[in-house]
Every structure is written in C-alpha cells, then in structure tokens.
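What follows is a short report on a single structure.
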Amino acid sequence: MASILVSQDAGVLTLTLNRPEKLNAFNPEMHQLLRGAIERAADDAAIRCVLLTGAGRGFCAGQDLSERDVGGAAPIDLSVSIGSHYNPLIRRLRALPKPVVCAVNGVAAGAGANIALACDLVLAARSASFVQSFSKIGLVPDSGGTWFLPRLVGKARAMGLALLGEKLSAEEAERWGLIWKVLDDGELMPQASALAQDLARGPTKGYALLKKALNASAGNSLEAQLDLERDLQREAGASDDYREGVTAFKEKRRPEFKGR
Ligand code: LHQ
C-alpha cells in the first residue's frame, strides 16, 4: 500500500497520509511521495485546492520513532531529516499558491501537529487532538511549531503546550484559535471536501495573493504590510477573476471564477 493516497476531483487534490498502523507517522518514503504530490499541485492549473487528511484513527504521529536507532555510540544528527524533509515540507505548504485545507481526523502529534498548523484552514474531528509531544522524548517542537504556536495562541499557551506535551482536544483547540473549526466525526470529511470544492471554484489567484499577504504579516511592520497590500492588490486587480467578480456583482449573478 502506498503511504500517501492521492485522488483528484472537482479541482481538489486530496492527499491521505496512509500508514494507519503507525498513526501515519512519517518515514522517508512518505516524505518523498508527499513532496511529489505537492509539487504536482503547484504545477497543475487544474488543481485549485489541496485537502490533506489521514487514514485510520490518527492524523499523523510525526516522525516514525520505530525507525530511529538511538542505540549507537554516536548521536543521530536530527538536523539532517529536518533539513531535507520537514522544513522543505512546511515551506512548500506555505508557498503553495492555492489554499490547503487540513482535515485532522484523529490525533496529530509532534511534527504531525505542526504540519496541520502550516495548512491554511484546519478542520478537526471532535475526537481529534493536538499534542506537542516533542518534550516527552527530549526534543524541541519543530516543523514550525515554535513559530506557529505563539502566534496562534499566545506565548503562555504555547509554552504550556510545548513544555507539558499534553493532548489538547479539538474543541479546546478551536476555542483557543489554534484551528478554524471542529466538526462531528461523521461530518469531517463531507464538510472538508465540500469546503475544498468551494475553494477550488474560487478566485485562485486572489487566494494565492491573500495567502502571501497574511503569511508575510507576522514579520512585517504596518508600514511594510501596507506597501505589500498595495502591490498585491495591483496584481489581484489585473486578474480575470477580479473582472468576473465585479461583472457578476453588477449583473446580480454568481461569479464563475477561472482561477487566474
Ligand atoms: C508510532 C508513533 C510514532 C512510530 C504512534 N512512530 N509508531 C523530526 C525530525 C527529526 C527527528 C525527530 O523528530 C521530528 C519530528 C517529530 O515528529 S518528533 C515526535 C515524534 N512523535 C511522537 O513522539 C509521538 C509518539 N506517539 C505518541 O505519543 C502516541 O502514540 C500518540 C499520543 C500520538 C497517540 O497515543 P495513543 O492514541 O494512545 O496511541 P498509541 O500510543 O497506542 O499508538 C498506536 C500505535 O501507533 C502504536 O503501535 P502498536 O503496534 O503498539 O499498536 C504506536 O507504537 C504507534 N505509533 N506514534 N511516532
């Protein structure tokens, strides 16, 4: 069985992490397949939204620990897999010029939690949970965790999550503003797919630009952000979809966006 399942429908590329017996923990093959699928999403204009989820009862338990041999005399250099796999994945998700919806179907732990947080809209099943499990094995939150957490929930909660490594329920995650929405378990995939399909019918170019603006804002002054908004709006205003949006508004009909 492939460790990533890929399917394409109605402009949505659905990627399912598929090592359910390991709660979809990452091994090198899974990284490689996910990388290929995200590159395909970037290159193919027919794909206008990506939906990421997991098979079985977990979303993703981070790095596969059963593949780590920590018994040798020399320590393992963890920066190698971070540099070659995890960091490029986070950068690729953030830079993808299309919305990425994450449907967290079960526990999201370690890098698995932070990969979810790197997506643009995070939905979670009511039974799902988020765990910064790194401290339980003596590690530091990675895959952007130390960047996303304080920005999403504030320093106090970020520090609590990181130090204690306790499970945060999906409902609490929603209340804290860590994720977009919690849904009943049976509703997660139907609603996530419907949302992804809605986004795939949207003004993809405009979405790419607004994603760029929001992702840049954490590192910008208001002055710099105002300049960036001006420049991105110039680009958005030159899109076919802006023309279609205004025309449809005046004609009192639904717009038919082409994504460019
Ligand atoms: C697993 C795993 C797993 C293998 C559950 N591996 N089998 C990046 C780069 C470089 C280096 C280091 O790290 C990183 C990033 C990271 O992600 S580090 C953090 C790695 N992940 C963890 O520490 C999480 C470890 N897992 C857990 O704490 C628990 O399994 C969670 C909280 C995720 C779920 O707990 P439960 O619902 O009680 O399930 P379980 O523990 O019974 O797990 C079910 C099965 O999945 C079990 O196998 P078994 O054969 O006994 O049924 C686990 O061994 C396996 N599994 N996580 N990461």
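Here are a few things to note about the model shown:
- Residue in the stretch 43-56 that is closer than 15 Å to Leu23 by Cβ, of a type in the set (Asp, Glu) and modelled with pLDDT of 95 or more present: no
- The residue list Arg19, Arg48, Arg68 contains one member that is basic (Lys, Arg), within 12 Å of the ligand (Cβ to nearest atom) and closer than 27 Å to Pro190 by Cβ, which is Arg19.
Residue-by-condition table, conditions (1) aliphatic (A, V, I, L, M); (2) away from the ligand (no atom under 16 Å from the Cβ):
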position	(1), (2)
Leu5	yes, yes
Leu15	yes, yes
Ala25	yes, no
Leu34	yes, no
Gly54	no, no
Gly62	no, no
Gly83	no, no
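- Residue that is within 16 Å of the ligand (Cβ to nearest atom) and either out of contact with any His (no Cβ under 7 Å at 6 or more places or on another chain) or open to solvent by 90 Å² or more (accessible area, probe 1.4 Å) (or both), where the choices are Gly145, Gly186, Gly177: Gly145
- Residue that is nearest to Lys136 (Cα to Cα), among those in the stretch 50-64 that are among the aliphatic types (A, V, I, L, M) and within 12 Å of the chain's Cα centre (by Cα): Leu52
- Strands (runs of 3 or more DSSP E) (entirely within the stretch 99-147) containing at least 2 residues that are within 9 Å of the chain's Cα centre (by Cα): 100-104, 121-125
- Neighbours by Cβ (under 7 Å, 6+ apart or cross-chain): first from the stretch 203-226, within 25 Å of Arg243 (Cβ to Cβ); second of a type in the set (D, E, K, R) and open to solvent by less than 70 Å² (accessible area, probe 1.4 Å): Pro203/Asp241; Thr204/Arg48; Thr204/Lys98; Lys205/Asp241; Gly206/Asp241; Tyr207/Lys98; Ala208/Lys98; Lys211/Asp120
- Residue count, the stretch 119-132 (criterion: crowded, with 24+ Cβ neighbours inside 10 Å and within 13 Å of the ligand (Cβ to nearest atom)): 3
- In the set Gly154, Gly160, Gly106, Gly72, only one residue is closer than 23 Å to Ala37 by Cα, open to solvent by less than 60 Å² (accessible area, probe 1.4 Å) and not polar (S, T, N, Q); that residue is Gly106.
- Checked against the criterion of being among the aromatic types (Phe, Trp, Tyr), over 17 Å from Trp176 (Cα atoms) and modelled with pLDDT of 95 or more, the stretch 109-130 contains not a single residue that satisfies it.
The values are calculated or read from the model by the stated rules, or taken from the named source; none is laboratory data. Every value quoted in this text rests on a predicted model; they were computed, and no experiment measured them. Here the Cβ is made from the backbone with ideal geometry for all residues, glycine too, and neighbour counts use every protein chain on show. All accessible areas refer to the heavy atoms of the entire protein, side chains included, with ligands and DNA or RNA removed. Shrake-Rupley method; radii C 1.70, N 1.55, O 1.52, S 1.80 Å.
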